[in-house]
Amino acid sequence: MLRFVWRNHLRKHRSVLFGDLNQRFYHSINGVFGNYNPLDYLKLEKWYRNDFGSEHNLNDSYRLVKKSFEHNGHLLSKLDPLEYSNLVSKTLNRFNLSNEESLIELSKILGCDLIRFLRDESTLSIQNDRENFLQKLLQIYCEKIGYEITHVATHQEYDWIVDYVENGERNQSNDSLVNQNDWKERVVKILLKTEVLDDFLAKKFQSVKRYGLEGAETMLVFIEELIQQSLIRNQLKMDSIAEIVIGMPHRGRLNLMTNLLDYPFEALFNKMSGGEEFSLSNNPKQSKFIGDVLSHLYTSKEIRVTNDDGTDGMMTVTLLPNPSHLEVIAPMVCGYSRGQLLSNRSGPYARESLETQSYPILPIQIHGDASFTGQGIIMETLAMSNVEHFCNGGSIHLIVNNQIGYTTPGRMYQSRSSLYCSDPMKMIQAPVIHVNGDHPESVIRAARMALAYRQQFHKDIAIDLVCFRLHGHNELDDPTFTNPSMYDRIRSRQSIPQKFAKKINWSDEKISGFQNESQQQLNECFLRVKHFDVPSSPPLYRSNSNFGKNQWNNIEWPSSSRITKWNTAVSENLLQTILSVSIQSPPNWSTHRTLTKVFDDRLKKFKNQMDWATAESLAFGSLLCDGFDVRISGQDVGRGTFSQRHCMIVDQKTNDIHIPLNELENTNILDDSYRSKTIGKLEVCNSILSEEAVLAYEYGLSLSTPNVLSLWEAQFGDFFNGAQTIIDTLISSGEAKWLLQSSLTMLLPNGYDGAGPEHTSARLERFLQQSNSSEIEIDSDDINWSVCYPTTPAQYFHLIRRQMLRKYRKPLIVMSPKILLRNPRCVSNLNDLSVPGSHFRSVLDDERFYLSKSYRKQIDPIEFDRPIEAVRTIVFCSGKHYYTLEKELLERFDPNNSQRIALIRLEELCPFPVEDILAILKRYPKAKSLIWSQEEHRNMGAWSFVEPRFRNLLHQQLKYVGRDHLEAPAVGITKLHQEQNRKILNDTFAMIMDHNLQ
């Protein structure tokens with residue numbers, strides 16, 4: 001009766017608890033692409049467990065005891081191989097139920113009165129039956145595995161886990177998913193190979209930090225079991241897995257790569273001897289490849305499968321590269337997996353019914369115990385795991401719990417504030433399996449259960465692999481300075497491989513014979529290193545990791561000799577079609593009245609006064625028509641921080657969401673040339689309030705496929721530095737380190753408008769400083785990223801299209817506008833987008849001198865050579881500062897005198913457009929003074945970047961006008977800000993007067 005009343009109360013207050021849930025779950029057939037979350041929130045009862053489950057055949061006392069074991073049995077489990085951090089006392093005999101002291105301690109830990117249970121004659125008449133019941137529960141819940149499930153979200157999950165734990169082995173004994181015949185031989189060989197490799201590397205490369213796996217060898221057992229079980233599922237065509245994507249830190253990486261993923265031992269030994277990962281001798285375009293350290297290497301393995309019906313299949317296992325910044329790889333793995341789902345239209349992008357959707361990409365995240373609780377990016381990544389547009393069907397988390405972080409003991413109140421290192425998983429109600437890493441049988445059981453749960457519920461699950469670390473943080477580090485007791489125990493132990501081999505009755509001769517054979521293989525590989533042919537391309541580009549087809553085959557390496565112009569024009573007819581679709585609401589749709597006016601204005605001003613948001617919509621739509629997908633991510637990107645974008649429309653009465661551009665594939669008014677093409681999709685992803693994890697996620701997604709334009713927009717450009725690690729270790733240097741291209745585009749709203757220190761600057765100078773642009777040699781396409789500051793909607797249109805139409809992929813950093821979004825002078829003409837041959841221009845000349853009269857189109861500097869004799873001073877600038885200077889110029893000078901000054905905009909700073917600037921300088925032969933004017937402070941903005949390039953490459957001296965040095969990007973006092981603005985203008989034009997107009 002109580003449960004009935006509670007359930008009715010929940011239904012009554014459903015909208016208060018969860019809001020209008022109907023708006024959260026959409027499918028592509030409803031116009032919102034990729035917006036399907038596997039969690040079925042609509043069935044509200046699933047959020048509330050039926051704590052009585054299937055135990056109706058037990059009386060209340062038995063049920064209470066059993067529930068206590070389900071909830072707290074993990075506290076009694078023997079998880080620590082060192083017996084160093086187990087929660088129960090060593091003297092406690094858990095199975096001696098006749099000892100009252102033991103029963104009292106067990107009762108305290110479990111939260112139930114076992115003494116009363118055993119002595120209560122109303123429970124069972126036979127004492128042995130009660131003891132047998134407890135013994136069975138102790139064996140299930142308190143041995144080498146502990147289960148934390150009290151916090152899981154739904155009673156379906158809870159009941160499934162309990163059933164699997166209590167009956168899984170029996171239920172699966174005849175199941176072809178579990179092959180009981182060969183697992184011991186398979187496991188012991190993995191363990192012994194692991195030990196042999198670590199010993200071999202320790203002897204051959206004594207001074208190299210290899211981050212060996214000694215003490216945690218069962219990590220490989222866990223991963224290998226996941227691979228085997230995935231292959232079996234594929235053979236049975238049962239929730240098939242096309243690709244396993246692994247992200248991991250340094251420890252055990254070399255062992256996993258070689259012994260599980262067939263990374264050539266010769267390649268490993270070559271790298272450890274100081275060699276390179278990829279051969280550059282035959283590929284001069286890769287001359288800027290710098291390589292990475294051992295613990296960041298990556299690989300990919302293809303495994304062919306013969307299915308039960310005789311057909312052949314293939315599964316790929318991919319280990320992604322990672323930086324040394326711990327846990328950065330976690331969101332990157334999630335994004336890469338989502339990208340694979342997107343490019344192959346599976347999971348949330350599939351067109352099948354929601355009930356039959358599968359998630360054929362399996363992300364595996366391997367963590368360290370200290371980093372999992374210590375790094376905030378973990379909490380951000382977990383926060384995304386069940387969020388629409390970011391969920392990927394669930395990750396399996398393996399926490400390699402060394403019980404130590406660097407040199408700090410990994411215990412509560414020493415390296416963390418929680419009982420377990422896995423406790424962050426509770427924030428997403430994910431189950432946790434704690435397992436003793438000294439016990440391979442239990443590790444295999446944990447792996448099977450983790451995969452079964454993930455495939456059943458498409459949610460995250462964690463395994464806390466409790467193990468130890470034989471050496472220090474690396475082999476050259478001595479951990480006994482700070483952890484003497486722990487390492488006394490470690491040094492006195494037999495190794496896990498040797499221990500398990502003896503356990504399954506391998507003789508000493510058999511063990512040594514197998515190890516000698518493995519060592520001989522390593523010796524032979526070591527001798528072949530001098531003759532080893534280093535591969536010339538990355539493993540992700542060599543493998544067919546995209547469901548049997550490699551989408552990177554048609555992508556080239558950029559030119560190292562020139563900056564290429566790419567034709568990005570779009571026909572006027574197609575642009576008109578895209579516009580009409582982009583502002584069209586569905587029938588009977590209640591559109592916000594302000595938005596109706598916005599769309600009407602876009603239509604009216606389309607030809608002659610196109611604004612920024614309209615140009616962006618046309619760029620996105622035209623890329624969709626070219627067959628590319630577009631994904632824009634960030635906080636409130638559907639509307640836009642400044643309420644400018646509106647690429648998603650919300651019904652004001654129902655809260656339904658519509659993405660107009662995704663109707664392009666359904667329109668009948670496209671040109672005939674497009675009707676036979678596959679039209680792409682726009683995915684609008686309003687992200688969690690995070691920069692670091694979301695940006696890493698989008699970077700990972702961009703690595704998975706070249707056919708998706710992934711854009712990340714900061715709420716304000718200032719906030720990008722919340723993701724500084726991602727920019728430093730992935731975006732700016734990923735290609736140089738790993739030869740992996742990315743088209744990730746960062747939109748950073750930037751500009752000095754009096755909003756204060758944290759709402760002003762995207763710190764342009766940082767991105768320029770992190771480029772590999774040279775100040776003594778002319779740049780080419782082969783730059784690490786493009787840094788652009790477009791000032792017109794047309795320029796932005798061509799820039800976005802260029803990202804996908806050029807034959808290679810590069811990250812793009814855009815200083816995007818704020819107040820220019822509605823500046824009536826910041827508009828473009830339809831011809832600027834549609835005239836054949838039009839493209840993004842790295843430099844915009846002063847349009848007062850070079851504006852074609854036949855149509856409003858900026859003439860390319862190289863295509864126009866008529867000199868302008870009147871100009872005496874050239875002012876170079878970037879961004880919205882141009883509009884301020886232009887307005888001031890026209891107000892201060894009469895038409896004749898204003899003709900003596902040219903305002904030139906650098907729209908692309910990196911790669912630095914030397915040839916375009918030279919062409920412009922030649923057109924002003926009598927210009928004697930060159931000024932760089934910027935709104936930023938002298939130690940910020942582009943000044944320190946452009947000045948040496950003008951001096952060294954153009955042989956010109958620039959004079960600086962701008963704000964003085966400052967420690968913050970901007971001042972917070974409005975009056976002072978206005979004074980600085982006025983000073984910049986006064987100084988700029990005073991300098992002009994001094995040189996030209998006196």
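The values are calculated or read from the model by the stated rules, or taken from the named source; none is laboratory data. This is a predicted model, so every value here is computed, not measured. All Cβ positions, glycine included, derive from the backbone under ideal geometry; neighbour counts span all protein chains shown.
A few comments on the model shown:
- Of the residues making up region 918-964, those that are touching a Cys at 6+ places or on another chain (Cβ under 6 Å) and without any contact (Cβ under 8 Å) to a residue 24 or more places away in the chain number 0.
- Of all the listed residues (I679, I731, I727), the sole one being touching a residue at least 24 places away in the same chain (Cβ under 8 Å) and surrounded by fewer than 23 Cβ atoms within 10 Å (Cβ to Cβ) is I679.
- One residue stands out among those in region 382-401 that are part of a strand (DSSP E or B) and over 15 Å from M449 (Cβ atoms): the one that is modelled with the lowest pLDDT, which is N401.
- Residues considered: I984, I973. Of these, the only one that is surrounded by 18 or more Cβ atoms within 10 Å (Cβ to Cβ) and more than 21 Å from Q770 (Cβ to Cβ) is I984.
- Selection of region 204-227 for residues being part of a helix (DSSP H, G or I) and buried (at least 18 other Cβ atoms within 10 Å of the Cβ) yields T218, M219, L220, V221, F222, I223, E224, E225, L226, I227.
- Single unsatisfied condition, R856 versus (1) outside any loop (DSSP other than H, G, I, E, B); (2) modelled with pLDDT under 95; (3) not aromatic (F, W, Y): (1)
- Hits in region 874-891 - residues which are of a type outside the set (G, A, S), under 16 Å from Q795 (Cβ atoms) and not in a strand (DSSP E or B): K880, H881, Y882, Y883, E886
- Matching entry among N544, N516, N474 (being at pLDDT 75 or above, surrounded by fewer than 18 Cβ atoms within 10 Å (Cβ to Cβ) and not aliphatic (A, V, I, L, M)): N516
- Scanning region 429-442 for residues that are crowded, with 20+ Cβ neighbours inside 10 Å and within 28 Å of the chain's Cα centre (by Cα) turns up A430, P431, V432, I433, H434.
- Residue identified as in contact with a strand residue (DSSP E or B) (Cβ under 6 Å, 6 or more places away or on another chain) and either assigned to a helix (DSSP H, G or I) or touching a residue at least 24 places away in the same chain (Cβ under 8 Å) (or both) among P586, P558: P586
- When D782 is tested against (1) part of a loop (DSSP other than H, G, I, E, B); (2) modelled with pLDDT of 95 or more; (3) more than 30 Å from P925 (Cβ to Cβ), only condition (2) is not met.
- Residue, modelled with the lowest pLDDT, within region 127-175, restricted to residues that are assigned to a loop (DSSP other than H, G, I, E, B) and crowded, with 19+ Cβ neighbours inside 10 Å: A153
- Positions within region 800-827 being hydroxyl-bearing (S, T, Y) and either within 12 Å of C788 (Cα to Cα) or crowded, with 23+ Cβ neighbours inside 10 Å (or both), in sequence order: S816
- Taking region 736-764 as the range and being part of a helix (DSSP H, G or I) and buried (at least 21 other Cβ atoms within 10 Å of the Cβ) as the test, the residues that pass are W738, L764.
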